[in-house]
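Read through the structure below, which is laid out as structure tokens, and then see the notes.
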Amino acid sequence: MVINDPKLIAAIAALGVEHKAGVSLAPKTSLEIGGTSDVLIIRKHESLPELIRLLKQSAVPHRFLGGGSNVLLPDGELPWVILQLSRQDPDVRFEGNNAFIDCAADLGRSVTTCAKHDLGGMEGLIGVPGSIGGALRMNAGAYGTQIGTFVREVQVYRAATGRIETLRGAEINFEYRHTSFALDDIMLSVRLELPSKPYSEILQGIRICNEKRRASQPLNQKSAGCIFKNPPGGSAGRMIDELGLKGHSVGDARVSDRHANFFINAGQASCADMLALIADVRRRVRDRYGVELEEEVIVWKAQ
Ligand code: EPU
């Protein structure tokens, strides 16, 4: 989506929001798939309510993109302007056992920053790619740890009220790869309460998780992590593997040889290739197991 109304462009600039025209979005995602759009970089959280009011007033559709590690964007020109937060400095601040983290911060780096302050609990999340905001939205989890456990407060921009609000952790439902945040909520910052642990002990836990992940997941390839959620009591990866689908591909979209629930972009895969692969694998699993797999990756569909 292109913003070409000079008055709107001037009003956006007056808010201190940076307007980048015709940005290629693929490099902003871990799958490296996606077309182009104008991107608005938000430097101050406080400018969000007015920015979104302006976009609505001008009937400019918009979507918020976080770390890009769990999302499949459409090909071609996207029908939305993209909003992104710029990183705050410093992006983690400490008070006792509380870590106040900017939602644009990298999840993995935040885990290690907290570790250096002898605050642990998040070791399992170390190799999960993406931002703190994305981790909150999806209740990112691995190796028995889910970020929701530690959340005490979240600051969000709520599209429903047009305001920045602070939610208490107890008000938010954190389930398996699902939360009660509204789709158009934008996470801004979070307060996590973490257990005290010596750095050396946390480091040991981090090493173990890293080794497990390296042994079972294709870490150096372009992917969005697991493509499907695990069905209750089952394993999407095991079912796809049992169907002999490792290496199965549509164009350059391919089922990883290492972990069958990771679909990789092996070259120049398009969104259409990836969606066709997802549909094909889902159909085969349905035919064989009678299980309807649900996507774990967030697919941006034009309505
Ligand atoms: N398996 C196979 N073949 C495969 C992959 C897995 O037989 O190709 C088997 C494994 O041997 C194991 C079982 O399936 O017995 C489960 O596999 P794994 O331990 O790799 O875990 P997973 O259930 O596939 C989940 C999360 C991962 C997370 C790991 C570690 C989901 C959809 N996936 O994977 O999260 O990293 O556990 O905790 O919940 C993600 O969310 O994107 C993600 C990758």
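The values are calculated or read from the model by the stated rules, or taken from the named source; none is laboratory data. Here the structure is a predicted model, which means the values were calculated and not measured. Glycine also receives a Cβ, built like all others from the backbone with ideal geometry; neighbour counts cover every protein chain displayed. Note: accessible area is taken over every heavy atom of the protein model, side chains too, but ligands, DNA and RNA are not part of it. Shrake-Rupley method; radii C 1.70, N 1.55, O 1.52, S 1.80 Å.
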Checklist entry - Within region 243-257, which residues are open to solvent by 10 Å² or more (accessible area, probe 1.4 Å) and either within 7 Å of the ligand (Cβ to nearest atom) or under 22 Å from residue 67 (Cβ atoms) (or both)? => result 246
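Condition check ((1) under 29 Å from residue 26 (Cβ atoms); (2) within 10 Å of the ligand (Cβ to nearest atom); (3) not acidic (Asp, Glu)) across all residues:
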{"position": "167", "(1), (2), (3)": "no, no, yes"}
{"position": "172", "(1), (2), (3)": "no, no, yes"}
{"position": "203", "(1), (2), (3)": "no, no, yes"}
{"position": "211", "(1), (2), (3)": "no, no, no"}
{"position": "223", "(1), (2), (3)": "yes, yes, yes"}
{"position": "236", "(1), (2), (3)": "yes, yes, yes"}
Item to check | region 210-238: number of residues that are over 23 Å from residue 111 (Cβ atoms) and open to solvent by less than 20 Å² (accessible area, probe 1.4 Å) | outcome: 4
Checklist entry - Which pairs do you get when a residue that is under 25 Å from residue 176 (Cα atoms), found in region 270-295, comes within reach of a residue that is among the acidic types (Asp, Glu) and surrounded by fewer than 15 Cβ atoms within 10 Å (Cβ to Cβ), reach meaning Cβ atoms under 6 angstrom, with the pair 6+ apart or on two chains? => result 286/292
Checklist entry - Could you count how many residues in region 194-232 are over 20 Å from residue 247 (Cα atoms) and in a helix (DSSP H, G or I)? => result 14
Checklist entry - Which members of region 139-192 meet the condition of being open to solvent by 80 Å² or more (accessible area, probe 1.4 Å) and touching a residue at least 24 places away in the same chain (Cβ under 8 Å)? => result 143, 149, 152, 160, 163, 175, 176, 178, 184
Checklist entry - Restricted to region 105-120, and to residues that are open to solvent by less than 20 Å² (accessible area, probe 1.4 Å) and either over 17 Å from the mean Cα position of the chain (by Cα) or in contact (Cβ under 8 Å) with a residue 24 or more places away in the chain (or both), which residue is farthest from the ligand (Cβ to nearest atom)? => result 119
